[in-house]
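Please treat every number below as a calculation from the coordinates, not as lab data. None of these values were measured; they are calculated from a predicted model. For neighbour counting, all protein chains shown are included, and Cβ atoms are generated from backbone atoms with ideal geometry for every residue, glycine included.
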């Protein structure tokens, strides 16, 4: 599972969850989309939900981490996936940073 973030449009940042299939295709998870004028709010809400879903699946044996990194099949999707993950890590490491 990863987060797809969008460039601000109409004054709002947006983030949505994507599920990465075994063959590397990124599928949108319906209904899990956040929009906010505040990038931090949109991205961290999506990250919290992704983590909660992962923990729920792992606790029930529906998800497991085998330690391997699986890139998205589409190079553009993978590049965006990595950039969004880096931005989220930065926001988490710098909670005092304001936009």
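Below, the figures for the structure above:
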{"quantity": "Check on residue 26, under 16 Å from residue 88 (Cα atoms), crowded, with 16+ Cβ neighbours inside 10 Å and in contact (Cβ under 8 Å) with a residue 24 or more places away in the chain", "calculated": "no"}
{"quantity": "Where residue 20 falls short, out of the listed (1) under 26 Å from residue 93 (Cα atoms); (2) surrounded by fewer than 17 Cβ atoms within 10 Å (Cβ to Cβ); (3) out of contact with any helix residue (DSSP H, G or I) (no Cβ under 6 Å at 6 or more places or on another chain)", "calculated": "(2)"}
